[in-house]
Amino acid sequence: MKLNGHRRPAPLVALAVAALVLTGCGGSSGGESADGRDRIRLGIGSPSWNAGYATLAVSEARGYFAKENLDVDVQLFPSGTQVAQQVVSGQIDVGLVTPEPVVIGHAKNTGLTYFAQYWTRWIYSLKIPENSSITSPADLKGKRVGVTAVASSGGTFARTAIKMQGLDPESVKLVPIGAGAEQLNAIKSGKVDALALWDTQYQIVENSGAKLKPLPVPGTENLFGGGFAVRKDDLRKKQDLLVRLGRAFAKGVAFSEAAPEAAVGDLWKLHPETKGASSIPEDQLLAGQVKVLKVRLDGQKVGPGEGDRWGAIDPAAVTGTLRFMTTAGLIDKEFPATDIYTDDLIAKINAFSYDEVRTEAKKAASHGA
């Protein structure tokens, strides 16, 4: 798995506009790697690697991808919209994306569909400094909202929250604040009045000492968070490949739940810049990154009490998301939830022993490996 591929397409004006101009240009498949494994290109919408994606490192480091005869080339993109564009054009095979570009793109027949869930709940939210006088999204009129990039899903979410208050979405100023130290500086310096980020990004910011509180947006409870999306024709052509990818990934999730410290260690080994050159003692750094990973794992719902069934999609949650996006004006009308997802591959993806993976994880944790 190549963890350091980082492609930066030209910036987009806004997520909604970008999603509507996605075009299906076709493209070649991943092919085979030099060692004969099936190469698959996976795109994620994140400005940088962080502990929330440690499960991917586990799947590589523990040999789960190799056992499925896969060479996974992971590529980072600044936003989920750009990930969706790359999938539609055939430049990558699978995109890990939130619902907006898939749902909005459906109106333009982009033909994207989810075959497995990654986030079991809506991950975007608004937060404000602990001492802020802002009390509702309506108070954001004329304010500065920090986002990783203007074209990010967080930016679209902020404008949607404003629009649902009956206000002009352009009345909020989106301020790109990147990731890491840049985010923290923007908050502490007062460069922004609020943040529109996602689950793990907030934990990273809070680990750095920022004191934040949520700014609830009514109507976003119990919504579908998104997952692994492909072109519908690839769903048919590459079903076996997608099942193997999903199975290897599910094993990484199960391992990470049982041994989160070992999972973060795998990420540090494969992508050392995630450890950074901080003066913070390693045990404290590890504890902070484990918190980030657990935020993401909390939304995976794979544990023993969840029935050992990774990736299954809740149709009610997808329907609720479509309703929310219609109300927000992001799409003109609702359509059947099954237009953008299928659970047909879930049984095959989960055809492995979760207990064996957990046993391996516990051994790794006990040996500090």
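The values are calculated or read from the model by the stated rules, or taken from the named source; none is laboratory data. Just so it is clear, the structure is predicted and the values come from calculations on it, not from any experiment. For neighbour counting, all protein chains shown are included, and Cβ atoms are generated from backbone atoms with ideal geometry for every residue, glycine included. To get the accessible areas, we keep the full protein, side chains included, count just its heavy atoms, and leave off ligands, DNA and RNA. Shrake-Rupley method; radii C 1.70, N 1.55, O 1.52, S 1.80 Å.
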Nearby lysines by direct alpha-carbon distance to LYS143 (threshold 26 angstrom, same-chain neighbours under 8 apart not counted): LYS127, LYS163, LYS173, LYS188, LYS191, LYS211, LYS213
Beta bridges per DSSP with both ends in the stretch 24-140, % antiparallel, nearest 5: 10 percent
ASP233, ASP298, ASP73, reordered so the largest accessible area comes first (probe 1.4 Å): ASP298, ASP233, ASP73
Computed over the chain, Kirkwood Rh from alpha-carbon pairs, angstrom: 20.8 Å
Per residue convex hull volume, Cα atoms of the stretch 228-293, in Å³: 102 Å³
In sequence order, calculated HN-Hα J values of the stretch 191-204 (Karplus, 6.51, -1.76, 1.60; Hz; x Gly/Pro): 5, 10, 9, 7, 10, 10, 10, 10, 3, 6, 4, 5, 5, 4
Solvent-accessible area of SER279 with every protein chain in place, 1.4 Å probe, in Å² to the nearest 10: 120 Å²
Solvent exposure of the chain as accessible area per residue, Å², 1.4 Å probe: 40 Å²
Low-density loop positions, GluC sites (Glu not before Pro), the stretch 119-199 - DSSP coil, at most 12 other Cβ in 10 Å: GLU130
Charge dipole (the chain, unit charges on Cβ, about Cα centre) - positive-most of VAL295, GLY225, SER279: SER279
The chain, relative contact order in percent, only Cα pairs under 8 angstrom and at least six apart counted: 23 percent
Eligible aspartates and glutamates near LYS275 by straight Cα distance, threshold 15 Å, same-chain separation 8 or greater: GLU261, ASP266, ASP283
HIS106, HIS367, HIS271, reordered so the largest accessible area comes first (probe 1.4 Å): HIS367, HIS106, HIS271
Distance from the stretch 43-67 to the stretch 148-219 (C-alpha centre basis), Å: 25 Å
Cβ-placed point charges (K, R +1; D, E -1), dipole of the stretch 185-301 about Cα centre in debye, nearest 20: 440 debye
The chain, dipole about Cα centre (Lys/Arg Cβ +1, Asp/Glu Cβ -1), debye to the nearest 20: 520 debye
Backbone N within the stretch 260-295 under 14 Å of label point (7 Å from LYS188 Cα along the Cβ vector): 279-280
Proximal lysines relative to LYS67, as straight alpha-carbon distance under 16 Å, when same-chain residues fewer than 8 apart are discounted: LYS251, LYS348
Surface share of carbon and sulfur [accessible, 1.4 angstrom probe, percent] for the chain: 50 percent
Dipole of the chain, positive direction: furthest Cα of TYR341, GLY95, ALA116, with charges on the beta-carbon: GLY95
Cα-centred dipole magnitude for the stretch 25-148, charges only on beta-carbon of K, R (+1) and D, E (-1), debye, nearest 20: 520 debye
Antiparallel %, DSSP beta bridges [both residues in the chain], to 5: 45 percent
Accessible surface of TYR118 - all protein chains present, 1.4 Å probe, nearest 10 Å²: 0 Å²
Highest-fluctuation residue, ILE104, ILE187, ILE44 considered, GNM on the chain with Cα pairs under 10 Å: ILE187
Dipole-positive endmost among ALA365, ALA61, THR81 within the chain (Cβ charges, Cα centre): THR81
Debye intensity ratio in log₁₀ form over the Cα atoms of the stretch 116-235, taken at each q of 0.11 Å⁻¹: -0.37
